[in-house]
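Trainee: Supplied in structure tokens, the structure appears directly below.
Here, each number is a calculation from the coordinates, and none is a lab measurement. All values derive from a computational prediction rather than experimental measurement. For neighbour counting, all protein chains shown are included, and Cβ atoms are generated from backbone atoms with ideal geometry for every residue, glycine included.
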Amino acid sequence: YKPVTYSQYNNKNIAWSTEEYNTGYWYNTATSVIPDIATAPDGYVLADKLVGLSPVTARQSVYQIVYMYAGITYTYSVYLKQAGYTTAMLWIDTANISEGAYIGAGSLINLTNGTRGGTQTTVVDAGNGWYRCSITFTAAAVASQIRVLAPATGVFYVYGAQVEIGSFEIGRAHV
């Protein structure tokens with residue numbers, strides 16, 4: 001482990017494997033990921049399909065553990081598109097917490113019309129049914145989980161996760 005400084009992270013995407021949700025950087029909880037199955041916002045067939053597998057599991061998601069500085073503000077963003085189910089959610093958690101202990105922040109996103117239930121998430125129409133969804137938060141711990149949740153047996157497309165220092169999105173960075 002090599003420590004990094006705050007300035008090394010500034011204006012950079014600190015999430016890993018942001019276009020491949022079936023890699024070792026992303027973990028699945030009661031979900032299946034079908035890779036490279038839809039045209040992403042950049043015009044390439046790189047978007048993955050996230051499929052929720054159980055109507056009773058609360059945290060059907062893909063997630064990644066990202067190392068952050070406690071007390072620093074970050075913005076997590078991702079492209080989402082409807083694929084048979086109309087809602088999704090972004091969520092932030094402290095890493096290694098027990099299932100069902102929702103200590104994070106997030107809002108339900110309607111992928112049909114781009115509305116959200118709550119004020120924590122920003123949703124911007126990216127064209128062709130895609131929405132760029134983001135949530136700004138202050139890290140509570142050094143290791144945090146960034147999640148995309150699929151309610152019940154939800155199915156939707158996901159692409160281009162990004163985590164940056166600050167309360168705004170700098171721009172889409174490929175990692």
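Trainee: Given H placed on each backbone N at 1.01 Å, which residues far from A126 in sequence or on other chains put an amide H within less than 5 Å of it?
Mentor: Y131, R132
Trainee: Another question, if that's okay. I'd like the FRET efficiency for T39 and D125, computed as 1/(1 + (r/R0)^6) with the beta carbon distance as r and R0 of 25 Å, rounded to 0.05.
Mentor: Computed FRET efficiency for T39 and D125: 0.95.
Trainee: Whose amide H sits under 5 Å from the amide H of Y159, counting only residues 5 or more places off or on another chain, with H placed in the peptide plane?
Mentor: Y79
Trainee: Tell me which residues come under 5 Å, amide H to amide H, from L108 once H is placed; ignore anything under 5 positions away on its chain.
Mentor: Under 5 Å from the amide H of L108 lie the amide H atoms of G117, each far enough along the sequence or on another chain.
Trainee: Quick one: what are the phi-derived ³J(HN,Hα) couplings along the range 36-48, Karplus 6.51/-1.76/1.60 with θ = phi - 60°, whole Hz, x for glycine and proline?
Mentor: For the range 36-48, the Karplus-derived couplings read 6, 10, 9, 6, 7, x, 7, x, 9, 7, 10, 6, 9 Hz, x marking Gly and Pro.
Trainee: Applying the Karplus parametrisation 6.51 cos²θ - 1.76 cosθ + 1.60 with θ = phi - 60° to the phi angles of the range 120-133, what ³J(HN,Hα) value in whole Hz is obtained for each residue in order, glycine and proline being reported as x?
Mentor: With coefficients 6.51, -1.76 and 1.60, one gets 7, 10, 9, 10, 10, 5, 9, x, 6, x, 8, 10, 8, 10 Hz.
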